[in-house]
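One structure coming up, written as structure tokens, with questions to follow.
The values are calculated or read from the model by the stated rules, or taken from the named source; none is laboratory data. Remember, predicted model here, so these are calculated numbers, not experimental data. Neighbour counts run over all protein chains shown; Cβ positions are idealised from the backbone, glycine included.
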Amino acid sequence: MAIALRCNPTDSVRVTSSFGARKLLGMEYHNGIDIGPVINGKEGDYIYSVSDGVVLVSKEDIKAYGYYVVI
């Protein structure tokens with residue numbers, strides 16, 4: 001039986017900040033990617049996990065991470 005794998009954790013594919021070296025707000029390196037909603041401020045984008053897991057954190061941190069989920 002084949003398993004379908006997702007390439008993106010959301011239906012949106014709008015990357016707002018890429019992985020790797022950058023010069024932004026004094027940061028030299030970004031250890032992840034940031035994906036924005038199709039329409040800013042609109043709730044409702046589904047978030048998909050790449051494998052089975054349990055949601056440990058789902059919150060908003062305006063000063064550092066924005067909205068994030070830890071699985």
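Quick test of your reading of the structure: ILE47 fulfils all but one of (1) at pLDDT below 75; (2) among the hydrophobic types (A, V, I, L, M, F, W, C); (3) surrounded by 10 or more Cβ atoms within 10 Å (Cβ to Cβ). Name the failing condition by number.
In the conditions (1) at pLDDT below 75; (2) among the hydrophobic types (A, V, I, L, M, F, W, C); (3) surrounded by 10 or more Cβ atoms within 10 Å (Cβ to Cβ), ILE47 misses (1) alone.
Still on this structure, I have one more. For ILE35, only one of the following conditions fails: (1) modelled with pLDDT under 75; (2) part of a strand (DSSP E or B); (3) surrounded by 10 or more Cβ atoms within 10 Å (Cβ to Cβ). What is its number?
Status for ILE35: all satisfied but (1).
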